Each structure stands twice: as structure tokens, then as C-alpha cells.
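What follows is a set of notes on a single structure, which appears directly below.
The values are calculated or read from the model by the stated rules, or taken from the named source; none is laboratory data. Quick caveat, the model's predicted, so the values are computed rather than measured. All Cβ positions, glycine included, derive from the backbone under ideal geometry; neighbour counts span all protein chains shown.
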Amino acid sequence: MNQDGVSIAFDVILEEIAAVENQLAAEGASAFRDRRYDRADELSSSGKRLLTFREKLEQLRDEWKSGIDVETRHRVKVEPGYTIAPHSKAPKTGIRVTLATGRVIQRPTAAQTFTDIIEEMGFEAVRKLSLTVSGVPLVDTKQDDKYSQARRGSYYVVTHSNTKTKKDLLEQIGKKLGKPVRIEIV
């Protein structure tokens, strides 16, 4: 039986939520295994809120199917072959950093190089600059739930930015800390 567009949309949303629930469960198990109980509690709370949200969506889906007549539901169409296209990303780029000493650091990804340079400049020194990326502290001692971060020891570095932003941040940090760097996007 052909489904209407709203029912299909509910199914897509519920599939995505299920994937996030699985991810939260895996991260929670890992946090518990690593004895990071505060993090496990945070993930558990997020999972509970997501479960409540999913249950509400399921109720809305069921209400749509039972409360709206078939003829009306089938007025909402999804064209054959319709897909939700992911947004395109720019080609992968990296960065090459030359320190004042002449030492060059370039890792396989811009995120790895970015994190290495921040470590080189000193996590605590960079943290004291109070820089943020997408409203999240660039360097912090706690993990963010939303944005990608690299972990080094007890520090988390936000790597959720494009290569140009990473370049600009490193140049800004270098100036503020009196540790000039030359950065090339490669």
C-alpha cells in the first residue's frame, strides 16, 4: 500500500531518532565502562528526553493515521524517487603550520593539525583566552554533547569548524599568546 507523504516523513524522523538513541546508548555504555559516571548520567538524561520525544511523535503518527481519513491523507503526496538530499560539503582540505622555530606540523586532517598546534601552544593558555566555536569553549575540560571535539588528556578541543576558521583561530591564538605561526591551507 502506498503511504502518504506525512506518514513517510514520520517514518524518516523516527528512523533518525532511533539511530541517535543507539548512538547515545553506545556512548553511555562506553562512558560507564570508562568510569566517567557524570558523562554516563548526562547521556542517560538525554536518552530519556529523546525517548519521551519519540513516544510523542509515535502518538502523532498514530493520530494522523487513525484520526485523518484515508482520502485526505492521500492528498499529501511524495513524488516517486524523492529523497532527502544531504547538503554538500567542500572538498577536504588540510593545514600546514610553520612555528616560529621553523618546525612544520601537518597531520592527515586539519582537525588533527589544529589540535596538535593548540597542544603545542598550551591547552590551559589557550583555554584562558576564552575563545568559542559555535558558542562552545574552544578548549574545555568537559565534553560537549553537540559538536565534534578532539580529546587530549583531560582537555577537549572543538574541531567542528571549516579549515579557514581553524586557520583564522590559530593565527589569532598565536598573536594573543605571542607565538606567531604561518598557516597554509593545503
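I'm checking my understanding of the structure. Among residues of region 146-186 that are over 23 Å from the mean Cα position of the chain (by Cα) and among the charged types (D, E, K, R), which one is surrounded by the most Cβ atoms within 10 Å (Cβ to Cβ)?
179
Would you confirm whether or not region 54-70 contains a residue that is of a type in the set (A, V, I, L, M, F, W, C), modelled with pLDDT of 90 or more and more than 18 Å from residue 143 (Cα to Cα)?
Within region 54-70, one or more residues are of a type in the set (A, V, I, L, M, F, W, C), modelled with pLDDT of 90 or more and more than 18 Å from residue 143 (Cα to Cα).
What is the residue count in region 138-158 for residues that are in contact (Cβ under 8 Å) with a residue 40 or more places away in the chain and touching a Phe, Trp or Tyr at 6+ places or on another chain (Cβ under 6 Å)?
1
So the check is Cβ under 7 Å with 6+ separation or different chains; which pairs have a first residue in region 96-119 that's among the aromatic types (Phe, Trp, Tyr) and a second one that's crowded, with 16+ Cβ neighbours inside 10 Å and not in a helix (DSSP H, G or I)?
As it stands, the answer is 114/95; 114/159, since those pairs meet every condition given.
This table checks each residue for (1) assigned by TED's automatic domain parsing to the domain that holds residue 105; (2) more than 23 Å from residue 94 (Cβ to Cβ); (3) at pLDDT below 90; (4) touching a strand residue (DSSP E or B) at 6+ places or on another chain (Cβ under 8 Å).
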{"site": "129", "(1), (2), (3), (4)": "yes, yes, no, no"}
{"site": "133", "(1), (2), (3), (4)": "yes, no, no, yes"}
{"site": "137", "(1), (2), (3), (4)": "yes, yes, no, yes"}
{"site": "140", "(1), (2), (3), (4)": "yes, yes, no, yes"}
{"site": "150", "(1), (2), (3), (4)": "yes, no, no, yes"}
{"site": "161", "(1), (2), (3), (4)": "yes, no, yes, yes"}
{"site": "164", "(1), (2), (3), (4)": "yes, no, no, yes"}
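Among the residues of region 13-60, how many are over 20 Å from the mean Cα position of the chain (by Cα) and β-branched (Val, Ile, Thr)?
Residues that pass the stated criteria total 1.
What tally of residues in region 37-65 results from selecting those that are free of Cβ contacts under 8 Å to residues at least 12 places away in the same chain and surrounded by 15 or more Cβ atoms within 10 Å (Cβ to Cβ)?
0
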